[in-house]
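As structure tokens, the structure follows; a few thoughts come after it.
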Amino acid sequence: MRKPIIAGNWKMNNTARAGVALVEELKPLVKNANCEVVVCVPAIDIPAVSEAVKGSNIALGAQNVHFAPKGAYTGEISAEMLNEYGVKYVIIGHSERRQYFGETDETVNKRTLAALEAGLIPIVCIGESLEERETGKTEAVLAKQIKEGMKGIDDISKIVIAYEPVWAIGTGKTATAEQANETIGFIRKTCAEVFCPKCAEKVRIQYGGSMNAGNCKQLMAMPEIDGGLIGGASLKAHDFSEIANYDKGGMAGMKLSKELL
Ligand code: PGA
């Protein structure tokens, strides 16, 4: 069984004060959500937001973590620093970090292993560019990101994978539900080959890229899609709650792994 996970990625938005206000508005709106609800906030918002989410069903996430436990890495944040505030999840290798901050599969791998070691749950982002999709390279690109970025993970089901086609991020263009489902199916199959089939059935794989209140139900109805990583639509409490409540009434429930079907 895979418990769906809807995570907001605030990116570089919301001061600590604005973040707390957003979470306060969000709490009553998502309290009955039939999935795991997460907000991944800017590092400086973490102390205030960690207080604000206390006692609620909203888990706290960060947007990056360094691989060294401490030392001369100006501007970076260690896993221990995140742990002190009860951070549970950490986004690693978002395409914006790969594009603007020199993140590579190698650094993604180091950060992921360090996060796991420290007891954090990495949300590892992978995805192809428009050019790669149009030239038929999607599967090769994803397979490389999995093999190199996730190398050395003993149990792949300990992480969350976010499939985010770069061309769908912040553009208003979503992959169709079928496209996303097919690609996530490929990611799961690759995880089965590279790691182990049992862990691949258990690993939660999110879709990300212009997911919103209007398209979330269709995406979440797909058997391979276990959640969403939401950028723009996570900045408004109402919009984000609509996504987190995609399964109001509990019709969709847990995603069954193939073994149990
Ligand atoms: P978006 O961003 O929902 O604004 O497209 C998703 C992401 O980058 O995680």
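The table below lists the values:
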item	result
Considering only the chain, percent of DSSP beta bridges that pair antiparallel, nearest 5	5 percent
³J(HN,Hα), Karplus 6.51/-1.76/1.60, whole Hz, each residue of region 107-114, x for Gly, Pro	6, 4, 4, 5, 5, 5, 5, 5
Built amide H within the under 5 Å cut-off of GLY227, gap 5+	ILE5, TYR207
Excluding exposed DSSP-loop chymotrypsin sites (Phe, Trp or Tyr not before Pro) (at most 13 other C-beta within 10 Å), longest clean stretch of the chain	102-261
Karplus 3J(HN,Hα) series, Hz, for region 87-99 with 6.51 cos²θ - 1.76 cosθ + 1.60 (x for Gly, Pro)	5, 9, 10, 9, 6, 10, x, 4, 4, 5, 5, 5, 6
Cleavage-rule hits (GluC sites (Glu not before Pro)) in region 80-119: DSSP loop, at most 14 neighbouring Cβ within 10 angstrom	GLU84
Cα gyration tensor shape for the chain, rounded if a/c is under 1.5, else prolate or oblate	rounded
Contour minus Cα-Cα distance for ARG17 and LYS217 (0.36 nm per residue)	68.9 nm
Heavy-atom accessible area per residue - the chain, 1.4 Å, Å²	46 Å²
Computed [θ] at 222 nm, helices only, for the chain once each DSSP H run of length n ≥ 4 contributes -39500 (n - 2.57)	-11000 deg cm²/dmol
Of LYS11/LYS173; LYS27/LYS147; LYS11/LYS189; LYS202/LYS236, pairs whose Cα-Cα distance is over 28 Å	LYS27/LYS147; LYS11/LYS189; LYS202/LYS236
Apportionment of accessible area to carbon and sulfur, region 4-148, percent (1.4 Å)	54 percent
Long-range HN-HN contacts of ALA162 with modeled amide H, under 5 Å	VAL124, CYS125, ILE126, GLN206
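The values are calculated or read from the model by the stated rules, or taken from the named source; none is laboratory data. Note that the structure is a prediction, hence the values are computed from the model and not measured. No Cβ is skipped: glycine too gets one built from the backbone with ideal geometry, and neighbour counts run over all protein chains shown. Only protein heavy atoms, including side chains, enter the accessible area calculation; ligands, DNA and RNA are left aside. Shrake-Rupley method; radii C 1.70, N 1.55, O 1.52, S 1.80 Å.
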